């Protein structure tokens, strides 16, 4: 057993989402969104580096030594997988680990809306799950892939950096590819994917123009493509995709995207006040003819209105989702106000006037 595994087991036992190991500091856990220091000595740089390298493949060590950054996955069988990031900082080496449970939460356990399950059963198109870092995108996406894995008879191909949730083939065939280990890049993996007979393609992160263009092309040519972006709303997600392209290509990409886009799920995590844990609030956009028209005509600013009028079709605004959780007594008024889009809706729930920096 590697020496660092003791910290991973502590992380698992405490229900932490992240572990920070930084030279010159005590180990730190993030539990339910809050930072908590572990009662342990300050970490020495050489000792920490030795501990980190014990679980790191030689090629990854080489990348880290040459660049000062590296990402990879590590697994303790029967416990969990961990997404690992090493970096250099002023006082030496640092590392952050994100816990990825071995057991995938099902759609039923997460309480996913029926429209998300319908998206998992589509035969083609682009479905995007977006939100800030640490907002639970991967968990939601894993539940949707898991649902497809148990309700379809198809080939699911994931491309991630690194591999996070591991799906065992059920009614579907599932193949996982890790960027840097099994393929050079997201774009090269997507080019290869079109020759690998996939029905569903998961793109772990749509980072650059080439990856985004290939994902849209795959969705437009008969594949169901799931992807993630670090955007906070459906409208901003569409704008972000279009803005990646040069100005002379944006008109064409609006048309292509309008035809390929089937849905956007934008979410955020909230600390629960009724019990330990966190819950997600979701904005859901469905690619209806009206929404496609707004995308084509560059009127994404009208998408919030389209979501309001599309409630019967399963659409939902983030603020409506936040308000529901607030009225259920799950989240605080302050948290609801802070993460809402239209803050005027939540001012009256606050005990004190809002902070000037959150207005």
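The values are calculated or read from the model by the stated rules, or taken from the named source; none is laboratory data. This is a predicted model, so every value here is computed, not measured. All Cβ positions, even for glycine, are placed from backbone atoms using ideal geometry, and neighbour counts span all protein chains on display.
Quick notes
- For residue 302: the one exception among (1) assigned to a helix (DSSP H, G or I); (2) modelled with pLDDT under 95: (2)
Quick grid of which residues meet (1) in contact with a helix residue (DSSP H, G or I) (Cβ under 7 Å, 6 or more places away or on another chain); (2) in contact (Cβ under 8 Å) with a residue 60 or more places away in the chain; (3) surrounded by 13 or more Cβ atoms within 10 Å (Cβ to Cβ):
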position	(1), (2), (3)
252	no, no, no
258	yes, no, yes
334	no, no, yes
354	yes, no, yes
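- Considering residues of segment 27-53 that are over 28 Å from the mean Cα position of the chain (by Cα) and in a loop (DSSP other than H, G, I, E, B) only, the residue surrounded by the most Cβ atoms within 10 Å (Cβ to Cβ): 43
- The set of residues in segment 198-208 that are more than 16 Å from residue 128 (Cα to Cα) and either out of contact with any strand residue (DSSP E or B) (no Cβ under 9 Å at 6 or more places or on another chain) or at pLDDT below 95 (or both) is empty.
- On the stretch given as segment 331-355, residues that are in a helix (DSSP H, G or I) and more than 20 Å from residue 131 (Cα to Cα) total 6.
- For residue 273, the test of being crowded, with 18+ Cβ neighbours inside 10 Å, in contact (Cβ under 8 Å) with a residue 40 or more places away in the chain and at negative phi is failed.
- When restricted to residues that are under 27 Å from residue 86 (Cβ atoms), touching a residue at least 40 places away in the same chain (Cβ under 8 Å) and in contact with a helix residue (DSSP H, G or I) (Cβ under 7 Å, 6 or more places away or on another chain), segment 162-203 contains 5.
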